[in-house]
Structures are given as structure tokens and as C-alpha cells.
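Below is one structure, written out as C-alpha cells, with a few remarks after it.
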Amino acid sequence: MIFTGFVCCLALYVACNLGANDVANSMGTSVGSKAVTIAQAILIAGVLEFTGAVLFGRQVSSTLATSIADPNLFVSQRKTLLLGMIAVLISCGLWLQIANTKNLPVASSHAVVGAIAGFSWVAVGSQAVKWSSLGMISLAWVVTPVVSGAIAAGFYLLINRWILEQDQPLIQLEIWIPWLSLILVGVFGVIVLPTVVETLPSGFLPNVPRHDFALGLGGIAALSITLVGWRRLADETVAVESPQIQEVIERQLARFQLLSACCVAFAHGSNDVGNAIAPLATILYIQSTGTVPQSNLEIPLWVLILGGVGIVTGLAIWGKQVIATIGEGIIKLEPSSGFAAELATAATILIASSQGVPVSTSHA
């Protein structure tokens, strides 16, 4: 019992540090564009990071636990694997804490994958590392910023061409609000909703097919965002002067950016919670079964909750400084560009999470 409490505290320590560091990836652009204050960003991110970790974090956690080190080579060395995972938690926690003291946004995924590969090599040899899996994950780290950058560039070009550069941008914005709503809900809904709905208890849903329920939920969300957007736009354009048109447009896009930031917070929680709890889940599995997890490790719900709590705690205590670095220290952002950046990040990370690939939200 004492040992279990100790490793849980270590996992909580790692989760706190990655929450402090990586919350900037979900909320930094919103703060930088003045769409939300830092206090609001921390509150919103806390709720969504926790939700993403609990509802959508199993796949990446399972990948980290079983796909970096070859479990077959640890069958007769269970204690070695257990001690190695403790070393992973300690080393990653310390590295992230150092980065936090320097206000540096770093990739916790890199730290955890590198630590698992490193201890495996030292403990058993180079053959203990699944180089093919490591190669695919490393390739994803290279591809992630390219894909995210391309999506953001394309989406911003669309906004700039069909709204900002038009002769009557307010009218164009009114026309585009339903499409922006559809794109926003589509990115989140197509990737996340079907999986989340599948995990809900059968008695929780009305007597309709689960895919129809997910489709209906997405439709209601898109319609609601559209109606609220039209209402807000109508209220603000009653007596707007020509010099104020750009300001009104950016305020409207700031509301969309806030929603896209929520998607990024959910995405980050879903992908990075595995960095803290995958070693813990491995240790607990060895303790409870006396064997080494081979594949598709089932992550207990309470472990996901522990990771989510750690992320939220860390961002609440230390997240402010790194948010300022991402939001204001790289490039000056307006809501229109921030919306494009966050939507691209959310899409890229959610796709990776759905496939169980640990990627870097910092890169995206």
C-alpha cells in the first residue's frame, strides 16, 4: 500500500509539471490575442484538460506503456521494468520542473518516450527498444508541426480571403458564421464524439443508435453556435462606424477562438495524460498480476482521473508564466490568426490521440 501511494505521488508530480508547462499550448494563443484573460484561460483549460484526459486518454497511455520497450524481454525481469518506470517518472518530473522554472515550453512526450527507451537500453540492451515503434513516433513528431502549420495556413487564408479582405466584411462574416461553426464542431465531433459516446453506459443514452446520437449532438452544437454568433453580430453592428468594422470582426472571431481553445485543451489532456500515467499503469499492472503487460493495456478509470487532477493542479499553480511565453513571446496574434492556429492544433492532436500516437502539442 505504501509503495502504491509512492508511485501514485510520483505520477501526480509528473502530471502537475506537464500541466504547468503544456497548458500554454491550449490557451497561450487565446491569451496572446486577448480573447481571454489568464485567469479565464486557467479555469477553462482546467475543465477541458481533465475531461480530455478521462474520456479520451486511454489509447496514448496504452501505446506508451507497451510499444516503446519490448515487453517480451522483461517477462523474466518484472522488477527491472517496474524500477525502470519509477526512474521514468522521476526523471521526467525533474526535467519538466526545470523547464517550468525557466518558463520554457518543452515536449513532455519527448521526455517520456526518451526515458522509457533509455532505461530499456541500459537494463537489457538495444534490442529492448522497439525501434520500429520509436521510428513511427519520431516521424509523427516531425510531421505534426508540418500538418498543423499547413492546416492553420490554409484556414487563415480562407478567413482572410472571404471575410477580412472583402468590401463588406461584416456581411461576409454573417454568411460565414454557419460554416465556421460547422468546421469547428466537425473537427471535434468527427474525431471525438463517436468514441466518447461509445464509452457511455447503455442506460445513459436515449433509445437511439449511438452514431445517430453523436451526429445529432454535433448538429445541435453547430446550430447553437451559429445562432449565438448571429445574435452577437447583430447586437454589435447596430451603430458601428467604418473604422470600427475590423474591431467588431475580430471580437466575433475571438468567440470562435475561445471555442477552438477548448478543443485544444481537450486534445492536450487526451494526448499528454499518458506521459504521466502510462508508467504508473505499468507498475500497477505488474503489482496486481505478477506479469508484464503485453499489448492494449487497459488503463483504470481512477488512474486517468489521477492524471487529469495532476494536470489541472499544475496549470493552476504554475501555468501563468509559460502561457505568457507562448501567447506573447513568439508572435503578435489577433483572434483571426489565433483561431486558425488553435483549430489546426486541435485537429492534429485529436487525430493523433485517436490513433494512440504520443505527439507534441508544443510542436503543433
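The values are calculated or read from the model by the stated rules, or taken from the named source; none is laboratory data. Please read all numbers here as calculations on a predicted model, not as lab measurements. Cβ atoms come from the backbone with ideal geometry, glycine included; neighbour counts cover every protein chain shown. Just the protein is used for accessible areas: all its heavy atoms, side chains included, with ligands, DNA and RNA removed. Shrake-Rupley method; radii C 1.70, N 1.55, O 1.52, S 1.80 Å.
In this entry, Ala123 passes the filter for residues that are open to solvent by 40 Å² or more (accessible area, probe 1.4 Å) and in contact (Cβ under 8 Å) with a residue 40 or more places away in the chain. Number of residues in the stretch 62-74 that are open to solvent by 20 Å² or more (accessible area, probe 1.4 Å) and assigned to a helix (DSSP H, G or I): the value is 3.
The number of residues in the stretch 1-24 being at pLDDT below 80 and either surrounded by fewer than 24 Cβ atoms within 10 Å (Cβ to Cβ) or farther than 14 Å from Gly314 by Cα (or both) comes to 1.
When you scan the stretch 77-84, do you find a residue that is within 23 Å of Ile98 (Cα to Cα) and touching a helix residue (DSSP H, G or I) at 6+ places or on another chain (Cβ under 6 Å), even just one? Yes: one or more hits. Reported count of residues in the stretch 296-322, each being open to solvent by 10 Å² or more (accessible area, probe 1.4 Å) and either acidic (Asp, Glu) or in contact (Cβ under 8 Å) with a residue 12 or more places away in the chain (or both), is 15.
Residues in the stretch 134-151 that are open to solvent by less than 30 Å² (accessible area, probe 1.4 Å), closer than 21 Å to Leu73 by Cβ and of a type outside the set (A, V, I, L, M, F, W, C): none.
Report whether or not Pro293 is open to solvent by 10 Å² or more (accessible area, probe 1.4 Å) and either at pLDDT below 85 or under 26 Å from the mean Cα position of the chain (by Cα) (or both). Judged against the criteria, Pro293 is not a match.
Residues checked against (1) assigned to a helix (DSSP H, G or I); (2) within 16 Å of Cys16 (Cβ to Cβ):
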site: Phe50; (1), (2): yes, yes
site: Leu55; (1), (2): yes, no
site: Val60; (1), (2): yes, no
site: Ser76; (1), (2): no, no
site: Leu96; (1), (2): yes, yes
site: Ala99; (1), (2): yes, yes
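Scanning the stretch 33-70 for residues that are β-branched (Val, Ile, Thr) and farther than 17 Å from Ala276 by Cα returns Val36, Thr37, Ile38, Ile42, Ile44, Val47.
In this structure, does Leu253 turn out to be crowded, with 22+ Cβ neighbours inside 10 Å, over 16 Å from the mean Cα position of the chain (by Cα), touching a residue at least 24 places away in the same chain (Cβ under 8 Å) and over 30 Å from Val60 (Cβ atoms)?
Yes; evaluated as a whole, the condition is true for this residue.
Being under 22 Å from the mean Cα position of the chain (by Cα), under 27 Å from Trp302 (Cα atoms) and hydrophobic (A, V, I, L, M, F, W, C) is a condition met by no residue of the stretch 75-87.
Being in contact with a Leu (Cβ under 8 Å, 6 or more places away or on another chain), in a helix (DSSP H, G or I), at pLDDT 80 or above and within 30 Å of Ile175 (Cα to Cα) is true for just one of Gln252, Gln287. Which residue is that?
Details: Gln287 fails: within 30 Å of Ile175 (Cα to Cα).
Of the residues listed, the single one that is in contact with a Leu (Cβ under 8 Å, 6 or more places away or on another chain), in a helix (DSSP H, G or I), at pLDDT 80 or above and within 30 Å of Ile175 (Cα to Cα) is Gln252.
Listed here are the residues, each with its yes/no results for (1) of a type outside the set (S, T, N, Q); (2) more than 29 Å from the chain's Cα centre (by Cα); (3) closer than 30 Å to Gln355 by Cα; (4) surrounded by fewer than 18 Cβ atoms within 10 Å (Cβ to Cβ).
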| residue | (1), (2), (3), (4) |
| --- | --- |
| Ala153 | yes, no, yes, yes |
| Ile159 | yes, no, yes, no |
| Glu165 | yes, yes, no, yes |
| Pro169 | yes, yes, no, yes |
| Gly186 | yes, no, yes, yes |
| Gly189 | yes, no, yes, no |
| Val192 | yes, no, yes, no |
| Thr195 | no, no, yes, yes |
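Of the residues making up the stretch 39-46, one or more are over 17 Å from the mean Cα position of the chain (by Cα) and open to solvent by 10 Å² or more (accessible area, probe 1.4 Å). Each residue in the stretch 145-178 was checked for being of a type in the set (Phe, Trp, Tyr) and under 19 Å from Thr345 (Cα atoms), and 2 of them qualify.
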